[in-house]
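Here's the structure we're looking at; comments come further down.
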Amino acid sequence: MSETLSDTQLVARCRGGDNDAWRTLVERFSRYVYAIAMQGFRMSEHDAEDVFQEVFARVYERLDSLREDDAFRPWIGQLTRRICIDRLRSGTREPPAEEELAEVADEDVLSQLEEAFDVHDALAALPEHCQEILDRFFARDESYRVIGEALELPAGTIASRISRCLVRFRDQYEAGSK
């Protein structure tokens, strides 16, 4: 189910009481919630687990209050940030000033996390051959020759395949970030 449903469709099924959809939703967004807590707010693993539990408990309780199903990612991101700030405030004797919290939750880090998840989602939606060739070229930094040998394709074909896959990626990325 995870690969076939969009976030919007998944949220709609969760609202309808589909337990499999709920499990998929938690799986799909668990890394996002952990990344905000651990990387964005520099929380310990234990605190990030507590945030995770609280976020998904609130999502379960309040999913019906979400006005638009396609706004789920920003909604859960904001919910996670608020819970992280609440946890940081309650974990100290004197609540930190807003400026200090702003430093902990660096907006650049949070934006980078959101963009990374958007890129991941767009790549995951591509055909497997595009995922592989883009991964080899951009993530593994392999040459056309190395990619061609691994995929049993002429090295001259690799550039055109990368170009076509990048167009597909851009279309998918732009469609997902609307």
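The values are calculated or read from the model by the stated rules, or taken from the named source; none is laboratory data. Only a predicted model underlies this, so the values are computations on that prediction, with no experimental measurement involved. As a convention, Cβ positions derive from the backbone with ideal geometry for all residues, glycine included, and neighbour counts pool all protein chains shown. For the accessible areas, the whole protein counts, side chains as well, though only heavy atoms, and no ligand, DNA or RNA atoms are used. Shrake-Rupley method; radii C 1.70, N 1.55, O 1.52, S 1.80 Å.
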Filter the trypsin sites (Lys or Arg not before Pro) in the stretch 19-85 down to the DSSP loop ones having no more than 12 other Cβ atoms within 10 Å, then list what survives. Arg67
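Can you put Arg73, Arg87 in order of accessible area, largest first, using a 1.4 Å probe? Display every interim value, and only then the final one.
Details: Arg73 35, Arg87 70 Å².
Largest accessible area first, the residues go Arg87, Arg73.
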Only helical DSSP H runs with n ≥ 4 go in: add -39500 (n - 2.57) per run for the chain, normalise by residue count and round the 222 nm mean residue ellipticity to 500 deg cm²/dmol. -22500 deg cm²/dmol
Using a 1.4 Å probe on the protein heavy atoms only, what accessible surface does His46 show? Give it in Å² to the nearest 10. 120
Around Ile162, what is the net charge, scoring Lys/Arg as +1 and Asp/Glu as -1 over all other residues with Cβ under 14 Å from its Cβ? +3
To the nearest 10 square angstrom, what accessible area does Phe169 show with a 1.4 Å probe? 40
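Over the chain, average the accessible area per residue using a 1.4 Å probe and give it in Å², no decimals. Can you show the working numbers first?
Details: 10990 Å² over 178 residues.
For the chain, the solvent-accessible area averages 62 Å² per residue.
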Select from Asp18, Asp118, Asp69 the residue whose mean-square fluctuation is largest in a Gaussian network model of the chain (Cα-Cα springs shorter than 10 Å). Asp18
Run the 1.4 Å probe and let me know the accessible area of Tyr34, rounded to the nearest 10 Å². 70
Mean-square fluctuation maximum in Gaussian network of the chain, Cα pairs under 10 Å, restricted to Glu152, Glu61, Glu114, hits Glu152
